[in-house]
Amino acid sequence: MVFVGTGFSLLVQTTREAQTEIERADKLFYLVSDPAQAVWFHEKNAAAESLAHHYEEGKPRIDSYEAMVAQILSHVAKGERVCVAFYGHPGVGCDPTHMIMRRAAAEGFRARILPGISSDACLYADLAVDPMEDGVQAYEASLFLFRRPRIDVRAALLLWQVGFVGEPSIKFSGDVNRPGLRALVLYLRKHFPASHRVAIYEASWYPICPPQILWVPLSKVAAAVPNAAATLYIPPLASLGKIPRTNR
């Protein structure tokens, strides 16, 4: 079986390699946010099936993921050529992929992940950020708040899904968890001043639409995040400057 990513911008960020796997699969499972992408899957493969039915309002995410894993592996066990397509990169911020990879290895199935365009790749392009210049620390927001890792303020800090911070269950409304965000900002204020300007970022889902980028002081983040899936980019307090590199 193989996992592929479709990127974010509709159709144009799906690699030819991923499209080939989508078309040739005996069974294609997918999970995307855009209905047009779902239509495209069914045009490319008559055996396409959405995994979205495993989500239920208030249901813990881990229970939904376990159900997805069971359904997908039931087809792998039949000897079918299975392709699973997720938006973005199938190995970045995608628990079902890694749950299946571990199960497949334990049960003797061959599984692989093909690279896709992830949200941070879009962010680096849209904000013109070079992650090799000062370095980047990246965490899922809830994990970051729970673990409270040591922060190097000389490097950028990237927090995924800040609107979901502290929210373990599915919410179809997409409402932002404001209390969780306030707790996150309170912790960040121990390391960054209230006036430090940060970016609330969302990649564009369509080639004709620009990304959503909102620069605000850190103190305003809890009120400013528009939806749960937004990414928070915190620039370093002080740049390390240009350091000679050997890659180019």
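What follows draws every value from the coordinates through simple rules; no lab data is involved. These numbers were taken from a predicted model, which means no experiment stands behind them. FYI the Cβ positions are ideal-geometry reconstructions off the backbone, even for glycines, and counts take in every protein chain you see.
Run the helix sum for the chain: -39,500 (n - 2.57) per DSSP H stretch of 4+ residues, divided by residue count, reported at 222 nm to the nearest 500 deg cm²/dmol. Could you put the intermediate results ahead of the total?
Values: 9 runs with 82 residues, N = 248.
My calculation for the chain gives -9500 deg cm²/dmol from helical runs alone.
For a quick check: with amide H placed at 1.01 Å from N, whose amide H comes under 5 Å from Ile113's, ignoring anything fewer than 5 positions away on the same chain?
Counting only residues 5 or more places away or on other chains, the set is Phe3.
Where does the charge balance sit around Ala121 when Lys and Arg score +1, Asp and Glu -1, over other residues with C-beta under 15 Å from its C-beta?
Details: positive: none; negative: Asp120, Asp126, Asp130, Glu202.
In short, -4.
What are the extents of the Cα atoms of the chain along their three principal axes, listed from largest to smallest and rounded to whole Å?
Cα spread of the chain along its principal axes, largest to smallest: 56, 47, 39 Å.
Rounded to the nearest angstrom and ordered from largest down, what semi-axes does the equivalent ellipsoid of the stretch 119-234 get from its C-alpha gyration tensor (root of 5λ)?
20, 19, 13
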